[in-house]
Amino acid sequence: MKILVAEDEPIMLKTIELRLKKDGHEVIVTDNGMDAMKQIDAELPDLIITDIMMPYSSGLEIIGKVRALGGKKIPIIVLSAMGQENVVLEAFNLGADDYITKPFSPNELSIRVKRLAQTA
Amino acid sequence: MFSLAKFFLYTVGSFQLVELMYVFIGIIVMAVTFIAFYLAYRTRRTARKKQLRLLYSEHISMLAICDGEEDLQQTINDTLSRIKEQGLAKDEQARGVLIKELVTAAKSMSGTAKENINIFYRAAGLDQITIDQLKKGAWHIKSRSIQTLSHLGQKQHIAKIYRHTNNRNELIRSEARVAVVKLTGFEGLRFLDVISYPLTEWEQLCLVHELSENHLPDFKHIPDWLHSDNDSVVEFALRLGEGYRIFEMHGYVAFCLAHRLPAIRKKAVQTIRAINQPATAALLVAQLLREEEEVQLVVLEAMGEAGSENDLAVLWPFLAHPRTIFKIAAAKAIRNSHPYGMTMLRQRVDMEMHPWHILIPQLEEEVHS
Amino acid sequence: MSWQQIIADFFTYGILVYSVALLGFYLFIAVYSIGETRHYIRKSSFTDYSILAVSEKTPSISILAPAYNEGATIIENVRSLLSIHYNHMELIVINDGSKDDSLQKLIDAYELVEVPRLVINHILTKPVRGIYKSTNPVYRKLVVVDKQNGGKADALNVGVNVACNDYIVCIDVDCILEQDAMLKLVKPFLEEKTRRVIATGGVVRIANSCEIRDGKVVKVNLPEKFLPRVQTLEYIRAFLLGRMAWSRLNGLLIISGAFGAFDREIVIRAGGYNHNTVGEDMELVVRMRRYMEEQKLPYKVAYIPDPLCWTEAPSTYKILGRQRNRWTRGTIETLKLHKVMFFNPKYGRLGMISYPYWFFFEFLAPLIEFGGFVALLIFASFGLLDWSFFFALLGFILCFGFVYSTFAILMEVLTYNQYKRHKDIFRLMLTAFLEPVLFHPFVVWSAVKGNIDLLRNKKTWGEMTRQGFAGAKKAAK
């Protein structure tokens, strides 16, 4: 499966990349919101994992834009340090499929990705 | 006019001025030379730091995704020997970057991944280096080393950290307090029994945030803190009561409604509102009637959430309050606490009059959206 | 002794004392700022600001962005402001009776509908025509207020009335903010227990020639043109040395109108922005401080030296002149409104240090300099000038100025180091050498003109009031 990961902290980006590759996924990485949008258009990933607080444009905006594209529904997992109820609700309202709060366990992420892949 | 010029010439003298100018020019030349060298140094250092970060992020993520003890031990050994091979083991900058990167990783991860990172940190002997900095460093180094130890879960050093929770330097003590809570959860809060300095809003925010991260709640000391002589401790205890909606605390909080400081009474009202149990509504009514204006407003707002439909009688007079914010708060409380609140409001007020001609539609619109 | 002699001596000594005091103050500011800057940088090195972004109970803020005829860029600017990292905030855009289609553009782009909202007139303002909110949950933080034109101060006052939150942050819509700007700006409000922080000011840096993408500064460059570059130097001196030292003294009188946060309750109690002055940003801070002094409440005005806000600086002499003219009038009007504090011990440091400093060294300096220049011309034309002495003194003053600028550059390099290339620093130094010839006289002249305009009672409110950076930018294109 082709997964796009948008996350601005290099170490987290690397960890997520390695963990997902371990599961046999193809991983595209980007460290900012603007680049993420370009990659989504160019690479058409099967799943998106995005942070919220990123340079240039927020993860919430990415969800909004991806959902506005229409077409095949790409599952989106939000991975953010923001755990406030209103933010989580907003993410789901915008069309996120799952929400993981940092600090998070890479193993848990791997399982959630698997689950989403099955239902999608 | 000559005399004027001569006055200057003899007192400050053009020669002396010229000499001073030489001094200035000397200073400028020295500063510029220093800047040139410093810039070169800083550029090199930044470039190296970037390189190191890249290298270490690779290492650390490998460690983070290790599964099982054997795998981890193997990876730790590999990583350590590679760091040694590259001659980075004794390099101070490299060590600094490594510790920082470990902290960054530990901050965002939980579970096995975080555990792995903590184990590596200790296995690499880095905790001794941090402890050394805690002993000898300047205040900002001390603060940072306390932070490092707590982020990397080094519980064995807790006594060394705890010692600083009442440090004279407010930044050190603040970090130490957050650190002990990070390491031991509610148990760490025991410094509240003895602290002599006030807790700032910022510290309270950090502590509450820390407690919310996977620590088992333990409320047995809260009643003591609610009676503390340190007003900021009372405030903090109320904040905990509010955040965790501690039902059992209702009685103790009610006690704080009579505190001498309006700020604490406000906080107590908010806490009562959050806990919201059957006795709350009556308490709020009593409080409303005896409070000064400043706190009354908070009470009215609380009644919007925790009021009961039987208490409308105390609210009606506030619709005629000279200050508009009171009218709004009272109207909102009426709207929220009675199923027919909105209808009754419409009947009671003059819709032609300011502010009702806008306020009533606003109250209705807010319900819909 | 003849009476001419007495007058001559009076001036000589007067000027001498004045100059020595001025230079002394500069020296003091330079030295005094070092400790404060170092402390701040060290503290920041281990502070985790993100706690303010991720925790539940953070102070609530209302960002106030007044807009007048900004139709060309308003959509992008609002989008950029909405992407700022802060959970508990609302963004209030105040359309100050724009003559263009700003409002319609906002309504279309952000799916706005008019909502009934009661605005309490804590501060008296021009009437509000309508309040709009978005139907799209993505833009839940956005509130747009449409009002009758009344100038920037009036627009900000409407914002204060509409705001629901504890703190207000005033910004120019065309400013570019760093995404963590709010986190850093709000923190000082939480750090004091014994005194109330009534306002926090941020740094404004110059964005000319910087690479800007999607409303964010991607790469910082030194401005290519001379005028913005010399202003860069000026801003470094003012923000890194001057304000840092004043903040350490708790004597800050000014928070730039382009980016500052205020305690809303105190703003209201002090009476809000004064729309009868062109220097409403300075006047508000002075009035808030005065209010706190009069009520005998302990307080503080905090200052954040991090470069958080970027703005386009005027790049032609014409617009620069207009800006400085306005600043001068603003300063004088503020000083005049609060003249009761002049050396008044009742007002503590505010009355004994800050106010007199502004009076003597901000208001009087250009006038004295101009007067000196005129006197020089007269003496020279009568052949009364001792040229060797004149050149020695001139050289001394110029050198002092260079040393001060060099020190500011040094501090910048040691702290934020925005301009990393040797070439940039070399050009900044060169700019410092050119400044006394190509920039300083012009600034002095603009200030003098400001004085003259004020004496002639030239009132330029309303549309002219918005001729700040915004106007400057448009004219520059």
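Here are the numbers for the structure shown:
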{"item": "Proximal lysines relative to C:K449, as straight alpha-carbon distance under 29 Å, when same-chain residues fewer than 8 apart are discounted", "result": "C:K152, C:K225, C:K318, C:K336, C:K339, C:K458, C:K459, C:K473, C:K474, C:K477"}
{"item": "With Cα atoms, 0 to 90° folded angle of helix B:69-85 axis to chain B main axis", "result": "40"}
{"item": "Size of electric dipole in the protein assembly as shown: Cβ of Lys, Arg +1 and of Asp, Glu -1, about Cα centre, debye, nearest 20", "result": "2160"}
{"item": "Segment B:322-369, Rg to Rh (Cα coordinates; Rh as Kirkwood inverse mean 1/r)", "result": "0.93"}
{"item": "Per-bin percent of Cα-Cα distances, segment C:313-407 [5 Å]", "result": "3, 11, 11, 15, 16, 17, 14, 10, 3, 1"}
{"item": "Shielding by partners, peptide A:11-21 (average Cβ within 10 angstrom, other chains)", "result": "6"}
{"item": "Residue-wise HN-Hα coupling along segment B:174-186, computed from phi with Karplus coefficients 6.51, -1.76, 1.60 (Hz; x: Gly, Pro)", "result": "4, 5, 5, 5, 4, 5, 5, 6, 4, 7, 10, x, 4"}
{"item": "Convex hull of Cα atoms in segment A:1-111, direction-averaged projection (nm²)", "result": "6.1"}
{"item": "Mean separation of Cα contacts under 8 Å, 6 or more apart, over the residue count of chain B: relative contact order %", "result": "7"}
{"item": "Taking the C-alpha atoms of chain B, convex hull volume expressed per residue in Å³", "result": "297"}
{"item": "Acute angle (nearest 10 degrees) that the helix B:14-64 long axis makes with the longest principal axis of chain B, alpha-carbon atoms", "result": "70"}
{"item": "Quotient of Cα Rg and 2.2 N^0.38 Å for segment B:235-369, N being how many residues it contains", "result": "1.07"}
{"item": "Estimated [θ] at 222 nm from DSSP helical runs (n ≥ 4, -39500 (n - 2.57)) normalised by residues in chain C, nearest 500", "result": "-16000 deg cm²/dmol"}
{"item": "Computed magnitude of the charge dipole of chain C (debye, nearest 20; Cβ of K, R +1, Cβ of D, E -1)", "result": "300"}
{"item": "Rg and Dmax of the protein assembly as shown, Cα atoms only, in Å", "result": "30.7, 104"}
{"item": "Anisotropy class of segment C:1-119 from Cα gyration tensor, a/c 1.5 cut", "result": "oblate"}
{"item": "Relative contact order of chain C, pairs being alpha-carbon contacts under 8 Å that are 6 or more residues apart, as %", "result": "17"}
{"item": "Leading residue at positive end of dipole, segment B:162-296 (Cβ point charges), from B:F186, B:T165, B:F255", "result": "B:F186"}
{"item": "Cβ-based exposure ranking for C:C164, C:C210, B:C66, C:C175, in which fewest neighbours within 10 Å come first", "result": "C:C164, C:C210, B:C66, C:C175"}
{"item": "Rounded tilt (10° steps) of C:181-190 against the dominant C-alpha axis of chain C", "result": "80"}
{"item": "Of the trypsin sites (Lys or Arg not before Pro) in segment B:114-187, those whose Cβ has at most 11 other Cβ within 10 Å and which sit in DSSP loop", "result": "B:R168"}
{"item": "Most positive-pole-ward Cα, C:S2, C:P137, C:L52, against dipole of the protein assembly as shown from beta carbon charges", "result": "C:S2"}
{"item": "Computed Rg/Rh of segment B:112-235, alpha carbon atoms with Kirkwood Rh", "result": "0.98"}
{"item": "Cleavage-rule hits (chymotrypsin sites (Phe, Trp or Tyr not before Pro)) in segment B:162-249: DSSP loop, at most 16 neighbouring Cβ within 10 angstrom", "result": "B:F219"}
{"item": "Rounded to 5, the percent of DSSP beta bridges in the protein assembly as shown classed as antiparallel", "result": "35"}
{"item": "Cα shape, chain C, gyration tensor, a/c 1.5 rule", "result": "prolate"}
{"item": "Sparse-neighbourhood loop sites, chymotrypsin sites (Phe, Trp or Tyr not before Pro) in segment B:264-343 - DSSP loop, at most 15 other Cβ within 10 angstrom", "result": "B:Y340"}
{"item": "Summed residue charge, Cβ within 14 Å of B:L55's Cβ, Lys/Arg positive, Asp/Glu negative", "result": "+4"}
{"item": "Charge dipole of the protein assembly as shown about the Cα centre (unit charges at C-beta), most positive-ward option of C:A155, C:S354, B:A47", "result": "C:S354"}
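We did not get these values from a lab; they are worked out from the coordinates using the rules stated. Being a predicted model, the structure only gives us computed values, none of them experimental. So basically every Cβ, Gly included, is an ideal-geometry build from the backbone, and we count neighbours across all protein chains shown.
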